[in-house]
Amino acid sequence: MSIQKYVDDYIQLYETGQIKLNEERILLIQFIQRNITNNDQVYFNDDLIENCIAFGEKWYFPLTAFQKFLIAFVFLFWKKNNRVVFRKFLLMLGRGGGKNGLITVISNFLISELHGIEDYNISIVANSEEQAKTSVDEAYKCVKKHEVLQRAFKATLTKVVSKKTNSIFTFRTSNGGTKDGLRDGAVIFDEIHQYEDNKDVRVHISGLGKKPNPREFYIGTDGYVREGFLDKQKEKAMKVLKGEARWNSLFPFICKLDDESEANNPDLWEKANPMLCEPRSDYAQGLFDTIHEEYEELEDDPSNFEEFMTKRMNLPKVDLEKSVATWEEIEATNREMPELQHKECIGCLDFASIRDFAACGLLFRDEAENYIFKAHSFVRKEFVDKHYAYSKKTSDNVKNQKKVAPIREWEEQGLLSVIDAPTIDPRTIVQWFVEMREHYMIKKIVADNFRMEVLRPVFEEEGFEVEIIKNPRAIHSLLAPRIETAFANHQIIFGSNPMMRWYTNNILVVIDKRGNKEYQKKEPVKRKTDGFQAFVHGMYRADEISVGVDFFLDDIDF
């Protein structure tokens, strides 16, 4: 049975196999057929729909089937009072899917005389001014380009005003504290993945309802904030689609992959981005080519995987905490150390606690772009006795503790030194570097600022240059692409050092709401990470290491 021309067309594209839909959009079709198809209490205003589409295609760009489908529901009304059926719209598409372009068309039309409601002001809200003004800037440029539009609208860099209706299209940032009392007809919230709660949303929509047919549009791609505003909207969307909430409380149009594995099939990318459906426009083909290049680059730069899945495929990993590398990649560090005698290197250490572990290391590079890390750890006997049964020899509990970290075995291999003292003496750390200096050219010592008020004078007494990283967390996100790519390409060599592989496997990569990565511990006490953190400190200055140059005492002019 016919629903509405553009709605019928879109559903037919799916039913005839011309487009591929994800689960949420399949549920949306069923939702429409269940609640709207035979509902004699609602109607589509075809005049407004046709005028909006014609307006968009004449002044902006050709509209695709999914965009026309969405416009139809903007102008779905109750017969009894001519009020809009859907006040709230949730539009989620992969990056590049034309969300902002569609919103620009709809907004420009709604403030115009073609819509015909006076003072129907529209605000677009985002966390940053740059993002918020995207659609307003697009409308401004469109008006300035066409003389006919200049007779209908007055456009500046901050707002577009209809001369007939006096309606204003403008932008705001999401600093909700100063936005009380607005009299908008519609509000658009962009990049909603960044909202931690609905506090700012409530402020911006508080003025709605003072004009007829108020609308709220929530648009964006998924992000890294979990259990925030967007997750609650997605949860509500599923309840609406499954009939567990009032059917017209939200119109959800959610495009995403159904499963992570689908990212490996470009034919399925249109699930996340309907702009990629065949036949493609020049813009859509260019977008597809760009996404395909990004996908191919993941092989060499896997650190962008989360960004690709979240922003392009609109499918963030629910668990954004993960290991720094796969175990296979960590195992690949078990390669024979090249000859390092007299080679230049960066000394590095992590000395977060003087009562349990401290890790020292030397970072080298070679002509094959490998990062070679020679490491040694110092551990307190009392700590390893308590947590790893270092001194005990029997019982199942001891076996289990030794499985966590076989300290005595690693000691026998020369990978660590056990210190039987109340604390690890800073001079013990410095002395290790003094001994290493007899064999290698140590350019400088790099460490974070923790305990360095004690260590730095001792290092400088021995003639070492010391660089202190004042904000070690900040460098994690900076170095993550290089480190993860190096692991993926098997460019890291720890040699026969199972302790370094243990340190590395204990790392938890935590991604914050802005996509920044931080290297933390998977478990706070027994799964230590000191050696890996020392390696990170060395990587911070890896570019300063000369490659292919030997240093001998005879070369130095005393």
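The values are calculated or read from the model by the stated rules, or taken from the named source; none is laboratory data. A quick note: this is a predicted structure, and the numbers were derived from the prediction, not measured. When we count neighbours, we look across all protein chains shown, and the Cβ atoms used for this are built from the backbone with ideal geometry, even at glycine.
So that you can scan it fast, the table gives a plain yes or no per residue for (1) at pLDDT 95 or above; (2) in contact with a Phe, Trp or Tyr (Cβ under 7 Å, 6 or more places away or on another chain); (3) not assigned by TED's automatic domain parsing to the domain that holds G243:
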| site | (1), (2), (3) |
| --- | --- |
| Y10 | yes, yes, no |
| Y14 | yes, no, no |
| K20 | yes, no, no |
| E24 | yes, no, no |
| L27 | yes, no, no |
| N38 | no, no, no |
| F44 | yes, yes, no |
| L48 | yes, yes, no |
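Every residue, every condition in (1) among the aliphatic types (A, V, I, L, M); (2) out of contact with any Pro (no Cβ under 6 Å at 6 or more places or on another chain), yes or no:
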residue: P481; (1), (2): no, yes
residue: A488; (1), (2): yes, no
residue: S496; (1), (2): no, yes
residue: W502; (1), (2): no, yes
residue: V510; (1), (2): yes, yes
residue: A542; (1), (2): yes, yes
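One residue stands out among those in the stretch 168-192 that are at negative phi and in a loop (DSSP other than H, G, I, E, B): the one that is modelled with the lowest pLDDT, which is D180. Summed over the stretch 459-473, residues that are free of Cβ contacts under 8 Å to residues at least 40 places away in the same chain and surrounded by 13 or more Cβ atoms within 10 Å (Cβ to Cβ) total 5. Of all residues in the stretch 307-358, those satisfying the criterion of being crowded, with 19+ Cβ neighbours inside 10 Å, more than 17 Å from I507 (Cα to Cα) and modelled with pLDDT under 90 are P316, I354, D356.
Every residue, every condition in (1) closer than 20 Å to N100 by Cα; (2) part of a helix (DSSP H, G or I); (3) hydroxyl-bearing (S, T, Y), yes or no:
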position: S123; (1), (2), (3): yes, no, yes
position: E138; (1), (2), (3): yes, yes, no
position: K141; (1), (2), (3): yes, yes, no
position: K144; (1), (2), (3): yes, yes, no
position: Q150; (1), (2), (3): no, yes, no
position: K154; (1), (2), (3): no, no, no
position: L157; (1), (2), (3): yes, no, no
position: V161; (1), (2), (3): yes, no, no
position: N166; (1), (2), (3): no, no, no
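Checking each residue in the stretch 129-154 for being more than 15 Å from F109 (Cβ to Cβ), crowded, with 19+ Cβ neighbours inside 10 Å and at pLDDT 95 or above picks out only Y140.
Residue by residue, here is whether (1) in contact (Cβ under 8 Å) with a residue 12 or more places away in the chain; (2) in contact with a Gly (Cβ under 7 Å, 6 or more places away or on another chain); (3) closer than 29 Å to L76 by Cα holds:
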position	(1), (2), (3)
T158	yes, no, no
R172	yes, no, yes
Y195	yes, yes, yes
I205	yes, no, yes
E216	yes, no, yes
Y224	yes, yes, no
D231	no, no, yes
E235	no, no, yes
